[in-house]
Structures are given as C-alpha cells and as structure tokens.
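The values are calculated or read from the model by the stated rules, or taken from the named source; none is laboratory data. What you see is a predicted model; the values in this text were computed from it and never measured. Because the Cβ atoms are built from the backbone with ideal geometry, glycine has one as well, and the counts that use them run over all protein chains shown. Ligands, DNA and RNA are excluded from the accessible area calculation, which covers all protein heavy atoms including side chains. Shrake-Rupley method; radii C 1.70, N 1.55, O 1.52, S 1.80 Å.
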Amino acid sequence: MKKVIIRKTEEIENWRRNINSEINFIPTMGNLHNGHIKLISTAKNDNSNVNLVSIFINPLQFDSKLDLENYPKTIYNDIKISFSNGADAIFIPNNEDIYPPNNKNIKFLKAPTELTSALCGLNRIGHFDGVCTVVYRLLNLIKPKNLYLGEKDWQQLLILKNLLRREKLNIAIKSVPTQRDFDGIPLSSRNLHLSKNQRKLIRFFSSELLEAKINFQQEKKINLNEIIKKLSAKKISIEYLEHLDPYTLQKTKPEDNISLLAGAIRCGKTRLIDHVFLMKRRPIIAIDGPAGSGKSTVTKLIAKKLKLLYLDTGAMYRALSWLLIKEKIDYKKEKKLQNIFKDISIVFKSNTNSHQDVFINNYCVTEEIRSQKISSIVSKISSIKEVRKFLVEEQRKIGESGGLVAEGRDIGTTVFPNAELKIFLTASIDERAKRRKSDKNSKDSLEIDLHKLKELIKKRDFEDSTREISPLIKANDAIEIITDGYSINEVVDQIINLYYDKIPKETEIK
Ligand code: PAF
C-alpha cells in the first residue's frame, strides 16, 4: 500500500473511501519517542487494519502559552519514525483544519467532573476538555475501529474511555504500558527540556514509586507521608501524590485489590507525571454460568492467552464426587464428611498435551470424572454444605496470589466476590444441548439423544439455581454474555477485550 501524508480534512474522506479496510488510529502531538513507536508497532502487529498516525499540537489542551510555544516540533523526524514503524498514513492538519473559524459543527466538549477532580485535572484547568474536544473531532474525521493510547497518561485514558461511552462511539481503545527510558523514567516529549540534575531528581521520584509498588506487594499498605518526606528531602517540588481507585479516581476502599499511586512533580519549568499500580494479588477472572454454556472451553482458552492459571472448580466437585462414590462414603451423613475432607488433596497439573489433569489424593481422575454417572450426581453432592465449604476454602487458597481464571457457578458470588472481572456466560437450552451432543470429548455425545440431553440440562439448571447453598445466580457486577450464534473465538476475544478494558497492561510487568 502506498504510504500517504494527508493534510486536509477533505482528503481524509477520500482516503478512507479508497483503503477498503478498518483503521487503527494513533493520535499524537509529534516529537515521537519510543512510547509512540510502541503504540504504532502494537497497532501494526494487532491486526491487518490500516494504521493512521495523526500529528497535531492541540492548542486547546495547553494551560500555558509558554508550554505550547516550547512544545518540541520535529515533524520531519516524526514522519520518518511513523512510516518506518508501521504507519500507512499520517494526518498532519493545521489549526484551521481542526478548528475552522465559524464552523458551528465543532463540538467543544467537557471532560466529566468526576474524573477531573483529582490528579492533573485539579492543576491543569481545561486541559482534559481540550483533549476530549480534539480526540472527538479526530475520531469523527477518521472513523477508526481501534484507538491506541498510552497508559502513561492514565487519567487521559480513563477520560477518553468515558468519552467513547458517552458519545456512543463504537471504537475499541487499546492501551500500551508506559514505556520507560534506560534509567527508569517514563518517556515523554517534555524530557527534552531536562538538565542532567533534573533528570536525576525524576529518576529518584520514579524509583520511589517503584519501591512503593514492591513494598505494597508484601505489606499490602502504603505510607504516603513517608514518600512525600523522602521526595521533599531531595527538594523535589511535588504538585500532587495520590493513592486512588484506578477507575473512579476516588479514594480507595480497603477491599480493592488494584489501586493507583500517581504523582506529578516540577523540575524547573518542566512538569512530569508518573504512576504505578499497586496490587495485593494478581487479577482474577470469574466465569459463571449454567452447564453447557461453553464455560470450560472459553475459560481454558482465556487462561492460555492471558497466561493465567485455569481453576476448573467444576472438576474439583466432580473429583470429590468420584471419590465419595468410589469409596462408598455415605455423603448424606454430613458430620462425618468434615473428618474425611481433612485427608483429601485435589491438585491440577499441566500434562504433556498442555492440558490440565486433575488428581485426587495423587490419583489422576481427568477422564473418569466426565462420565454420565458423575454428571448425574455432581449437582447433588455439590449442594452439600460441608462439600461446598471445603472446596470453596481450597479454591480461595489457590486464589490467594491471584493470576487465575476460574469457572463454576458461584465464583463471582461466593468464591471470589472481589474478582476484577466477572462474566456470566450463558446460552439457550437448545444451543447448549446441541453443543454437548457434538462435543467429541463428552460421553454424552454417544450415550444420550438430543431430546434427553435438553431435559437433563433443564433439570440441572433447576437444581443448580434453586439449591439452598451457593445457587447459580449472576453476580450484580457480572457482565452477561449470551453465546448463541457466536464462535468460541469471538466469545474469548470479547472477554479478553473486557479484561484489558479493566486491567492496565502495566500490571503484567514485574
Ligand atoms: O496524549 C497525547 O499526546 C494527546 O493528549 C492526544 C491524545 C494526541 C490529543 O492531543
């Protein structure tokens, strides 16, 4: 494809008509560095869409005239960098193209106050309104499928996500972690203005944030005053240092797993921001839903793609059911169960086919627990109070350090009520029966006809959703996905997008 430079808004329309492809859009203000390169190359490697980089120094987002005048301009180099890293087109409008005088159609937007009453919003009045206005204008001209933004400007990212929701724009935001220089300071066009000594101070600031992150992993708490004291001792001028909920930018709650520690400092005339995400444990995804909704297949694929542990809680109930039957234990005598459970261990191990095997007391039961005999009894056994108590405790132990995706019927409501992402996966009974029938790994496909399968699924749904203990119900904060008519990969992609909408990519960096 011929690489093009577009300068006029009218040309955008023509170009779009000719490309015959969806667009990945990377908005910038130029002076491109490795942070921008990462955005462009991520877009290039993500899909086969056409990649468009815009370079426009937006006067509306500068709160000081001097800052605007001093903003580094390196257009020739920017063009070279964009094209050599995967841009197919570069849009370089001038001020009149973006804000034509007398054009009544330009919408001057306001960023939401709930997201601007913290961090940079308090100190850079009007800045985020300017960002919203220019990005909205660019999106309307370019009409991309995906918008690539850096997590370095986390508040900007939240505000733009909010903008897309508010304006009902069907555009996916793809974020890229903060890119850091050799000395650990975040890459920023404004770094150009720093003296050697100022750079040293920023390095100290960034390393303090990093240290707070590491300490938090162990101690689960943070002492803001202590950090402020240390920064002040170095004569670093702090504009703000705040510990907040990373999504609402309000005060963190004790039960929150992920929080944001963000600060802005001034070095001479230059103002710099940095942040880290503090985490008590790695993220957890909870996937609940009725039998046959595709949970297992989807959960396994998500675990693989996101490199998370796959916690198959259904297999744990099946394994326990298998043992109780095998050892002819009268599970109706609940009191006795507690003693028996003391000596039971259920573990998952990856096998050579990169699948997972389930072991109960060191005996592999992966195959045997899928029989119709176990299918017909597992719901009854899993409704026994002692059984649930025991297995929920086991599951929570496995989940203490997070980094897992668990599937079941009460994961989001009982086992991991603080999971970062909760999905309720479901499908119509017809669809679920059809899937079971065509599942080559399921003994059901051979043994039972479709009509009988539907009846069994209905019965199982009823038992699961009416039982007294941990019934199958959708958690209030779960997102329901009805999978009829979607391929497995489409469902997996949808959940992965929801995950990355919630979990900053940066949290994956050690
Ligand atoms: O992050 C930036 O560089 C700018 O705020 C943006 C998104 C290009 C809008 O001018």
Query raised in the report: For the range 145-157, how many residues meet the condition of being open to solvent by 20 Å² or more (accessible area, probe 1.4 Å) and either of a type outside the set (Lys, Arg) or more than 9 Å from the ligand (Cβ to nearest atom) (or both)?
Result: 4
Query - So ILE90, is it open to solvent by less than 40 Å² (accessible area, probe 1.4 Å), more than 12 Å from the ligand (Cβ to nearest atom) and either over 18 Å from LEU149 (Cα atoms) or among the basic types (Lys, Arg) (or both) - result: no
Query - Residue, farthest from the ligand (Cβ to nearest atom), within the range 105-144, restricted to residues that are farther than 30 Å from TRP15 by Cβ, charged (D, E, K, R) and outside any helix (DSSP H, G or I) - result: LYS110
Report summary line: Taking the range 192-227 and keeping residues of a type in the set (S, T, N, Q) and either more than 29 Å from the chain's Cα centre (by Cα) or under 20 Å from TYR240 (Cβ atoms) (or both) leaves SER195, ASN197, GLN198, SER206, SER207, ASN223, ASN225
Query raised in the report: Between residues in the range 335-351 that are aliphatic (A, V, I, L, M) and residues that are assigned to a helix (DSSP H, G or I), which pairs lie under 6 Å by C-beta distance while being six or more apart or on different chains?
Result: LEU337/GLU386; ILE346/MET316; ILE346/ALA319
Requested in this report: Give the residue that is nearest to ALA172 (Cα to Cα), with candidates limited to residues of the range 12-40 that are surrounded by fewer than 17 Cβ atoms within 10 Å (Cβ to Cβ) and away from the ligand (no atom under 16 Å from the Cβ).
Outcome: GLU22
Query raised in the report: Looking at this structure, is ARG165 at pLDDT below 95, assigned to a helix (DSSP H, G or I), more than 14 Å from the ligand (Cβ to nearest atom) and not polar (S, T, N, Q)?
Result: no
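Table: residues versus (1) outside any helix (DSSP H, G or I); (2) modelled with pLDDT of 90 or more; (3) open to solvent by 40 Å² or more (accessible area, probe 1.4 Å); (4) farther than 18 Å from THR299 by Cα.
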residue	(1), (2), (3), (4)
GLN395	no, yes, no, no
VAL405	yes, yes, no, no
LYS437	no, no, yes, yes
SER445	no, no, no, yes
ILE457	no, no, no, yes
ARG460	no, no, no, yes
ASP464	no, no, no, yes
SER470	yes, no, no, yes
ILE473	yes, no, yes, yes
Query raised in the report: Residue check: is LEU210 surrounded by 19 or more Cβ atoms within 10 Å (Cβ to Cβ) and either in a helix (DSSP H, G or I) or away from the ligand (no atom under 16 Å from the Cβ) (or both)?
Result: no
Query raised in the report: Restricting attention to the range 190-206, does a residue exist that is within 12 Å of the ligand (Cβ to nearest atom), under 17 Å from ILE26 (Cα atoms) and open to solvent by 10 Å² or more (accessible area, probe 1.4 Å)?
Result: no
